[in-house]
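To keep things clear, I will list the structure first and then write my remarks on it.
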Amino acid sequence: MTTESHPVQRRDPGQKKGLPPANRNRPVNARRGRPGQPKILDHATSYTHNFHLRSLFRAWRRFRGGSLSHWTTTVIIALSLTIHGCFVLLLANADSAIEKWKGDNLVTVFLKKETTVSQLSQVRDQLLGKAEIKNLNVVSPNDAMERMKTMLGPESGLLNDLNDNPLSYSLEFHVLGNDPNHTSFLAREIGSWPDVEAVSYDQEWARKLSAAVQFIRFTGMSLLLLLLTAVALIISNTIKLTIVARRDEIEVMRFMGATDMFIKAPFIYEGFIQGLLGALGAIGMIFTLYHGAARVTSELTHTFGFHMALSFLSFPQLSFLLILGIGLGLIGALISLSRFLEI
Amino acid sequence: MVRFHNVSMRYPTGYEALKGVSFRLNPGSFYFLTGPSGAGKTSVLKLIYRAELASEGAVLVQGRNVEQLTSAQLPTLRRGIGVIFQDYKLLYDRSVFDNVALAMEVAGHDPERIPGQVSRTLESVGLKERMYHNPIALSGGEQQRVAIARATVNRPPLVIADEPTGNLDREMGRRIMALFHNLYQQGTTILLVTHDLDLALELGHPQISMVDGCLTQVPDSAQP
């Protein structure tokens with residue numbers, strides 16, 4: 001005779017998850033792959049003293065065993081932060097290059113082809129008479145040709161076909177101070193001298209590049225702000241799905257007398273975990289991309305006869321990326337909790 | 001322990017579930033709340049653990065008007081009440097042990113006490129051997145006993161149960177009732193909703209009867 005009856009309606013989440021009936025009748029821990037009799041220690045160890053540590057463990061268990069959407073969200077965070085990080089890396093290196101050029105403040109004066117040595121001396125003396133000029137260096141046509149050969153590397157053989165050296169004398173010097181307007185004024189003045197063909201100076205390039213970088217910075221940061229807002233909303237949606245999936249548990253805990261924080265903490269930590277893992281993934285991806293870019297840049301700049309080494313994100317920048325990821329996770333979780341969880 | 005003063009309750013749909021209900025439950029007493037379906041029995045329970053609020057009148061639990069409790073005070077009230085739901089409300093993504101342990105976690109008990117206390121409580125309802133099983137693998141009677149263990153593991157002074165034998169056969173119903181009787185003998189106040197009058201009469205505890213949201217029978221000991 002049957003001594004126990006079954007309820008008329010009984011939910012079967014095992015069936016919902018597609019577990020075979022045989023598995024549903026096995027002890028829970030055995031189904032998790034632990035052989036033999038489950039030990040009470042498994043439970044005892046999970047009841048740690050610290051509430052927040054316990055909530056973090058609960059959130060981690062949910063995250064690990066959760067749906068694909070948790071991992072998808074983490075990947076989205078990682079990709080978004082990678083875009084952000086690469087952008088910061090690019091701008092930081094551009095700023096550094098601009099500062100270097102500005103700091104050098106090198107001006108090159110190209111003389112006309114027909115300029116004689118005495119005219120060269122005259123120009124040189126005129127330049128030396130200016131107090132703001134230092135490190136004046138005369139580059140002969142032969143020296144200029146050698147530099148060009150070095151720059152061209154294996155292709156320098158092309159220059160051997162030239163019957164005559166087409167290059168003229170030039171003078172290089174640095175301008176004291178770091179005022180781009182003064183350098184520009186000086187360049188215009190020297191450019192008006194009769195024996196001078198052209199004047200080029202790095203600060204002009206630096207000024208133009210700086211303006212371009214400023215534009216990219218403003219546009220890029222605006223787009224990134226939109227991107228990060230979208231990410232926060234995606235996290236919020238993922239947490240919402242968790243809240244919906246766990247509404248029975250939340251209701252039961254509520255009627256048992258759980259505090260707001262007891263119910264909310266695992267969701268908040270879930271956002272924290274997603275943000276943290278996303279940020280760590282992003283740092284890994286940025287580092288990989290940086291290595292590739294640094295190698296290519298080194299080879300490219302070597303071809304053009306100078307050396308430029310890319311620098312990786314600084315410790316404060318990396319910390320910011322980490323905080324940004326965690327912040328996004330927490331904001332997403334809090335948006336979701338305020339909108340979808342009524343205690 | 002519990003006092004109802006002229007309590008009326010209307011749902012947002014306009015349906016009036018309770019009309020001027022007044023009674024009291026003394027500490028350490030055992031009452032059956034009986035009546036046909038739709039009489040308002042479940043509404044009485046919901047008002048006690050403040051799942052719903054009264055439209056009129058006052059509900060006092062342990063001397064406190066539940067309506068006036070702040071959201072910070074509400075968890076304390078609920079921790080003092082063991083609620084057993086008709087549909088058990090067990091969590092099927094964890095073991096029997098974890099279902100019961102959750103009640104202790106929620107109440108903020110010393111984590112070192114949890115495994116021992118849960119084991120003892122499950123032993124008292126005859127489920128120690130099945131504590132690592134998923135509740136879905138248990139029979140209806142066993143699931144009901146898990147729900148009782150969960151509601152009583154914190155030893156609340158008041159236990160309220162909504163049709164705890166409604167889905168069980170007579171024999172299992174008797175076993176479940178015996179568990180409630182044990183709790184009563186240990187000093188717990190019990191309010192048990194049932195429409196099974198025979199089972200209520202067998203135990204001999206007083207009945208509060210309801211029909212259509214009104215009390216039709218209140219024993220002298222439960223008069224307000």
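The values are calculated or read from the model by the stated rules, or taken from the named source; none is laboratory data. What you are looking at is a predicted structure, and each value in this text was computed from that prediction instead of being measured. Cβ sites come from the backbone with ideal geometry, for glycine too, and all protein chains shown count toward neighbours.
General remarks:
- Tabulated pairs, segment A:321-335, first surrounded by 22 or more Cβ atoms within 10 Å (Cβ to Cβ), second hydroxyl-bearing (Ser, Thr, Tyr), C-beta under 7 angstrom, 6+ apart or interchain: A:Gly332/A:Ser236
- Only residues that are within 12 Å of chain A (Cβ to nearest Cβ), in contact with a helix residue (DSSP H, G or I) (Cβ under 9 Å, 6 or more places away or on another chain) and either in contact (Cβ under 8 Å) with a residue 40 or more places away in the chain or of a type in the set (S, T, N, Q) (or both) were counted across segment B:55-87, and they come to 8.
- Odd one out for A:Phe262 among (1) more than 14 Å from chain B (Cβ to nearest Cβ); (2) not in a loop (DSSP other than H, G, I, E, B): (1)
- Hits in segment B:127-155 - residues which are farther than 13 Å from B:Asn99 by Cβ and at the interface with chain A (Cβ under 9 Å from one of its Cβ atoms): B:Ser139, B:Gly140, B:Gly141, B:Asn154
- Looking across segment B:188-210 at every residue that is at pLDDT 85 or above, more than 15 Å from the chain's Cα centre (by Cα) and part of a loop (DSSP other than H, G, I, E, B), the one that is surrounded by the fewest Cβ atoms within 10 Å (Cβ to Cβ) is identified as B:Pro206.
- The one condition in (1) surrounded by fewer than 24 Cβ atoms within 10 Å (Cβ to Cβ); (2) at the interface with another protein chain (Cβ under 9 Å from one of its Cβ atoms); (3) outside any loop (DSSP other than H, G, I, E, B); (4) not β-branched (Val, Ile, Thr) that B:Glu123 fails to fulfil: (2)
- Members of segment B:59-69 that are buried (at least 16 other Cβ atoms within 10 Å of the Cβ) and either modelled with pLDDT of 90 or more or not in a loop (DSSP other than H, G, I, E, B) (or both): B:Val59, B:Leu60, B:Val61, B:Val66
- When A:Thr242 is tested against (1) crowded, with 19+ Cβ neighbours inside 10 Å; (2) of a type outside the set (Asp, Glu); (3) closer than 30 Å to B:Pro157 by Cα, just one condition goes unmet, and that condition is (3).
- B:His181, sole failed condition from (1) part of a helix (DSSP H, G or I); (2) away from chain A (no Cβ under 12 Å); (3) closer than 21 Å to B:Val96 by Cα: (3)
- Among (1) of a type outside the set (Asp, Glu); (2) away from chain A (no Cβ under 14 Å); (3) buried (at least 20 other Cβ atoms within 10 Å of the Cβ), the one test that B:Tyr49 misses: (2)
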